[in-house]
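The values are calculated or read from the model by the stated rules, or taken from the named source; none is laboratory data. This structure is a prediction, so every number in the text was calculated from the model and none was measured. Cβ coordinates were reconstructed from backbone atoms using ideal geometry, including for glycine residues, and neighbour counts include every protein chain displayed. Note: accessible area is taken over every heavy atom of the protein model, side chains too, but ligands, DNA and RNA are not part of it. Shrake-Rupley method; radii C 1.70, N 1.55, O 1.52, S 1.80 Å.
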Amino acid sequence: MRSKIYSCIFSLFLAVTSNSQPPAISYQTVVAGLSAPIDVVNASDGSNRLFVVQQGGLIRIWNGTTLTDFLNVGATGLNLVSTNASERGLLSMVFHPDYNGTSNRFFFIYYTDVNGDIAIRRFETTVGNINTVDLASGLLIITIAHPGETNHNGGKLNFGTDGYLYFATGDGGGANDVPNNAQNGSSLLGKMIRIDINNTNPPTYPNYAVPAGNPYTSDPAIDDRIWSLGLRNPFRWSFDRLNGNMWIGDVGQGAQEEINFRPAANTGGVNFGWRCYEGYISTPGVADCTPANYIPPVYDYPNVAGPAAVTGGYVYRGTEYPNFRGYYVATDVYSGSIYILWPNGSGGFDSSVQAGGQTFIVGFGEAEDGTLYAVSQGTNTLYKVVATGGIALPVTLTAFSAAKSNGFNELKWTTGFEQATAKFIIEWSRNGTMFEKAGEVAAARIANGTSYRYLHHLSLSSTVYYRLAVEDDDGSVRYSSILKLDGDGKAGVKVYPTVITNHTIQLSTSEALQQIQLIGTNGAVVFKQNLEGFVGSKSVTLPSVTKGVYVVRLIKMNGGVVSEKIVIE
């Protein structure tokens, strides 16, 4: 059995874990008396309506006071949906990102059809009435064969910030994915898929097109529509509305449940590992294997006390609970336990588990203002997610660079999230160890982040090092990764220090990097991590290995290689 692998890539890391603490999560009843609710979405049209999807095929509108019917594709309506098994039915809906109820009236539904296959269909709201549907407008976008088993249908539609439609499919069901659908590039099962619904490519794709930027368009072994591989049953997943990061709750088999994360700039072209991996571990009963471009989850939890199934959630971006902003929340269908993740300042995530939550939560959703909602099939209720207490998350850095000019060094950094941040202290050093203050810049305290610039007037022509000390309102301080600026003003590709005592090395690069490898004296690669075009400064945590001499090999995106000898103590 392989050991756990912890890996998560950001463009910049803070080096000290903050004293963040998530709030306590509870559920407040909004609407009871529903029938197998499974999804909740908004139309982003300024109406503030919530659309509650029921698994039997009926979509209902909650306008804040009244519940009305919107569309019925079930047996008592258009009769499009198969509901003859617990995981089949109408599973989600999403509105076109340009939907306004007039010039654009499109929305899409994801369901299992009367044959049990996965289907996506587009409808339009009625001209002049945003609360009803033109039933004749239905257009089948795609059907994906789902032979044999009735479970593992995936089920969630989301539009990315790029305007493309993303959806995640299950592996087809059954134990251990015997057909190996999730790893088969010719199958659309067990995948994240991305299509362009604003264009067509007939006769192959008469109602949609394949985006030119999809990662496998030049690989004949993998279907062009696939965005990533290796999923088991990604029943619920989301995009972070602030930055486009992707979060996936992938339901496990009998051992582990997992949560996957991909930063917005690098969401595609990866393999999430199923059926080789279940959570962090090798899948019991499956021969050890590691697929190409494998990315482990950022969190897993064991299935040790009866059934378990993770329901992926959202990063909270509402305004009602400031201490909840930036925290990701998910839950387990059966136990009701709530799982909260947040950046730990070292490239990964801290986590907290809150037991005793509402059971049979099968979906989360956002209102237009970022308020989080959830639906339970245990109580047939729509809930508002309530957050009490907690500590606000600190600033998130997304970029940090240094460049030499005539008589000064120019430092630039960008934040992706700011809250309770007081100031940035710029520190510099001649040796990368002993730092002194160069100056400080007050935090703008813009929730969605901003860009900063500082000029350090310095006459030295030798190599210098920089870091940012980020001070919060409570006086706590966290440090960025260290940036090395050579005397000639070129950052180049650097690895430091050369003597490692804490399993952590620093990278500083002005050239895009593809991968980092750690090579032993026998030439064996003992560790590798995809960097996916990274430019900037970051920390990389190395695995626990035998003390001795190693070579760090950095492979550039252009095919070049930089090697540096290090000693691990």
Expressed as a whole-number percentage, the relative contact order of the chain with C-alpha contacts under 8 angstrom and at least six residues apart is 13 percent
For segment 455-542, what is the convex hull volume of its Cα atoms per residue in Å³? 152 Å³
Roughly how many Å is it from the Cα centre of segment 166-187 to that of segment 202-236, as a whole number? 14 Å
Tail beyond 43 Å, pair distance distribution of the chain (Cα, percent): 22 percent
For the peptides 532-539, 268-275, what is the packing order when you average, over each peptide's residues, the other Cβ atoms within 10 Å and list the highest mean first? 268-275, 532-539
Interchain or long-range residues, amide H under 5 Å from Tyr205's placed H: none
When the gyration tensor of segment 420-503 is built from Cα positions, what are the square roots of 5 times its three eigenvalues, in whole Å, from largest to smallest? 25, 16, 12
Hey, what's the Cα Rg ratio for segment 149-289 versus the globular rule of thumb, 2.2 N^0.38 Å? 1.02
Kirkwood Rh over Cα pairs of segment 303-372 into Stokes-Einstein at 20 °C, 1.002 mPa s: D in µm²/s? 166 µm²/s
Mean accessible area per residue over segment 319-476 (1.4 angstrom probe, all protein chains present, square angstrom) is 39 Å²
Along Cα→Cβ, 7 Å out, is where each label goes; now give me the distance between the ones at Ala444 and Thr217 in nm to one decimal. 3.3 nm
Considering every pair of different Cα atoms, what Kirkwood radius, in Å, is found for segment 330-403? 14.6 Å
Whole-number D in µm²/s for segment 63-137 (Stokes-Einstein; Kirkwood sum over Cα pairs; 20 °C, 1.002 mPa s): 161 µm²/s
So if R0 is 60 Å, what FRET efficiency would Asn48 and Glu511 give, r being the distance between their Cβ atoms, rounded to the nearest 0.05? 0.80
Looking at the P(r) of segment 102-178, how many percent of alpha-carbon pairs lie beyond 19 Å? 47 percent
The alpha-carbon center of segment 396-459 and that of segment 517-569 are separated, in whole Å, by 27 Å
Can you pull the one-decimal nm distance between simple spin-label points at Gln28 and Asp69, each 7 Å off the Cα toward Cβ? 3.1 nm
If you find the alpha carbon centre of segment 45-120 and of segment 278-301, how far apart are they in angstrom? 34 Å
